[in-house]
Amino acid sequence: MRVTVTGGAGFIGSHLLEHLQTQGCQVQVIDNLSTGLRARIPAGTEWLEACITSPQAARAVSDFAPQLLIHLAAQIDLRLSVEMPAEDARINVAGTVAMLEAARRGGALKRMVLASSAAVYGVQQSHVAAESHPLAPLSAYGAAKLAAELYLDQFQRLHGLSTLALRFANVYGPGQSPKGEAGVVSIFAKRLGLSEPLNIFGDGEATRDYLYVSDVVSGLWAAAMHRKVLGAINLGTGVQTSVNELVDVLQSSAQKVAQVRHEDARPGEVAHSLLDAGLAQSALGWKAQVPLATGLTKTWSTLTTKG
Ligand SMILES: NC(=O)c1ccc[n+]([C@@H]2O[C@H](COP(=O)([O-])OP(=O)(O)OC[C@H]3O[C@@H](n4cnc5c(N)ncnc54)[C@H](O)[C@@H]3O)[C@@H](O)[C@H]2O)c1
């Protein structure tokens with residue numbers, strides 16, 4: 001199968017590329033290396049260093065004529081999205097539409113999967129958010145992801161394309177950039193390794209649903225395979241963890257004591273985020289497999305092995 005992966009040199013993308021290799025896929029990567037690394041693209045993989053909004057990227061994707069498009073490339077910095085919403089929308093909305101249209105024009109597209117986010121829900125009105133939760137993003141990043149989801153639906157209605165948006169919880173694991181939504185794990189792990197203090201914004205009781213990257217890869221693959229499943233589906237663990245608890249689990253995984261510093265809470269970030277992953281299980285047969293302690297231990301050991 002011919003697969004285009006945008007953002008393939010990124011954190012999630014590089015883990016996905018490993019999986020696609022094991023499946024014998026013919027892969028094309030589009031990445032401008034803004035946060036991604038060239039070294040993460042396996043030797044022999046067809047790839048283009050270009051912005052997803054550029055005519056070169058659109059042409060390359062149409063010429064490759066993917067059967068599957070997995071769209072991961074994005075401006076992922078939530079705070080930057082609040083400071084520069086137009087730039088965020090240019091990449092995360094217009095860039096998504098450009099890639100979708102280019103893949104469609106290739107003429108062989110069977111499935112498109114978008115990396116969306118729990119950020120589309122905004123302030124949670126219920127303890128756990130199912131897909132039916134009101135969509136009221138707090139950040140420009142969340143608004144852009146929601147707009148991108150609407151374009152998927154529109155392409156599905158107008159062109160009969162099979163599309164699915166996966167709303168990821170906070171993804172973490174080896175190779176993560178400290179800028180992402182769950183960058184807190186990689187920032188804390190790196191700072192703990194250097195014996196530097198961990199900065200907690202607010203009182204540390206803000207909670208997130210932390211999802212290990214291998215679970216995201218299996219979710220993306222399940223989404224790619226279940227072509228009849230359309231719309232938007234959560235990928236999360238259903239387990240809520242506060243920042244204070246995260247620090248505790250990380251300390252025991254690393255067997256190291258952290259110094260903690262508290263700072264003011266930041267705008268655009270919700271206090272609680274927890275996803276109901278029931279639909280992913282019933283529609284895609286997917287369930288998160290990696291508990292937080294195991295995922296943090298793996299993340300920590302990669303960090304210490306690499307020095
Ligand atoms: N990590 C998380 O917790 C999380 C949570 C929810 C959703 N997501 C989504 O998952 C996707 C992947 O995230 P990630 O954590 O791997 O981030 P990442 O920054 O590691 O990867 C993004 C990749 O896209 C590339 N890229 C960025 N802008 C580009 C552009 N304009 N043109 C071409 N390439 C571009 C980057 O160079 C990078 O390789 C993103 O769409 C993100 O919004 C991530």
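For the range 77-153, with only Lys/Arg (+1) and Asp/Glu (-1) charged at the beta-carbon, what is the dipole magnitude about the Cα centre, in debye rounded to 20? Don't jump to the answer; show the numbers that get you there.
On the way: 7 positive and 8 negative charges, 68 e Å.
Dipole of the range 77-153, to the nearest 20 debye: 320 debye.
With a 10 Å Cβ neighbour count serving as the proxy for reagent exposure, in which order, fewest first, do 34, 218, 273, 117 appear? Don't skip to the end; give the middle numbers.
Details: 34 14, 218 19, 273 24, 117 30.
Ranking 34, 218, 273, 117 by Cβ neighbours within 10 Å, fewest first, gives 34, 218, 273, 117.
Provide 211, 146, 279, 158 in ascending order of the number of other Cβ atoms located within 10 Å of each residue's Cβ, fewest first.
Working: 211 27, 146 22, 279 19, 158 9.
Ranked by crowding around the Cβ, least crowded first: 158, 279, 146, 211.
Give me the percent relative contact order of the chain, please, defined on Cα pairs under 8 angstrom at least 6 residues apart.
In percent, rounded to a whole number, it is 17.
Output the Cα-based Rg and Dmax of the range 65-191 in Å, rounding Rg to one decimal and Dmax to a whole number.
Gyration radius and largest Cα-Cα distance of the range 65-191: 15.3, 49 Å.
What is the percent of Cα-Cα separations in the range 62-110 that go past 11 Å? Show your work: numbers first, answer last.
On the way: 781 of 1176 pairs.
Here the long-distance tail beyond 11 Å is 66 percent of all Cα pairs in the range 62-110.
Over all directions, what mean area does the Cα convex hull of the chain project, stated in square nanometres?
Values: hull surface 58.1 nm².
If you wrap the Cα atoms of the chain in a convex hull and average its projections, you get 14.5 nm².
Looking at the range 127-184, I'd like the Rg to Rh ratio, where Rg is from alpha-carbon atoms and Rh is Kirkwood's inverse mean 1/r. Display every interim value, and only then the final one.
On the way: Rg = 14.1 Å, Rh = 13.6 Å.
My calculation puts Rg/Rh at 1.04.
Within 10 Å of each residue's Cβ, count the other Cβ atoms and sort 209, 88 from fewest upward. Provide the component values of the computation, followed by the final result.
Details: 209 28, 88 24.
Sorted ascending by nearby Cβ count, the order is 88, 209.
Using the reciprocal of the averaged 1/r over all distinct C-alpha pairs, how large is the Kirkwood radius of the range 163-223 in Å? Numbers along the way, then the final one.
Working: mean 1/r = 0.0768 Å⁻¹.
Evaluated over the range 163-223, this radius sits at 13.0 Å.
Take the Cα atoms of the range 7-92, find their three principal axes, and give me the spread along each one in whole Å, biggest first.
41, 25, 19
If you take the charge dipole of the chain about its Cα centre, with +1 on Lys and Arg Cβ and -1 on Asp and Glu Cβ, which of 100, 235, 151 is farthest toward its positive end?
It is 100.
If I model the range 197-306 as equal point scatterers sitting on the Cα atoms and use the Debye formula, what is log10 I(q)/I(0) at q = 0.10, 0.18, 0.24 Å⁻¹?
-0.37, -0.98, -1.27
With the crude spin-label approximation of a point 7 Å out along Cα→Cβ, what separation in nm comes out for residue 201 versus residue 230?
Between residue 201 and residue 230, the label points sit 3.8 nm apart.
What is the gain in length, in nm to one decimal, between residue 266 and residue 26 on full extension, counting 0.36 nm per residue of separation less the C-alpha to C-alpha distance?
Details: separation 240, 0.36 × 240 = 86.40 nm, distance 4.22 nm.
Between residue 266 and residue 26, full extension yields 82.2 nm more.
How long are the semi-axes of the equivalent ellipsoid of the range 1-144, defined as square roots of 5 times the Cα gyration tensor eigenvalues? Whole Å, largest first.
Details: eigenvalues 145, 54, 46 Å².
For the range 1-144, the semi-axes come out at 27, 16, 15 Å.
Relative contact order for the range 154-222: what is it in percent, counting Cα pairs under 8 Å that are at least 6 residues apart? Don't skip to the end; give the middle numbers.
Details: 46 pairs, mean separation 24.1, N = 69.
Relative contact order for the range 154-222 comes out at 35 percent.
Which of the pairs 190/228; 110/145; 145/256; 190/287 have their Cα atoms more than 31 Å apart in this structure?
Working: 190/228 41 Å; 110/145 22 Å; 145/256 37 Å; 190/287 29 Å.
Those over the limit are 190/228; 145/256.
Each reported figure results from applying straightforward, stated rules to the coordinates on display, with no laboratory input. Being a predicted model, the structure only gives us computed values, none of them experimental. With ideal geometry, Cβ positions are generated from the backbone for all residues, glycine too; neighbour counts draw on all protein chains shown.
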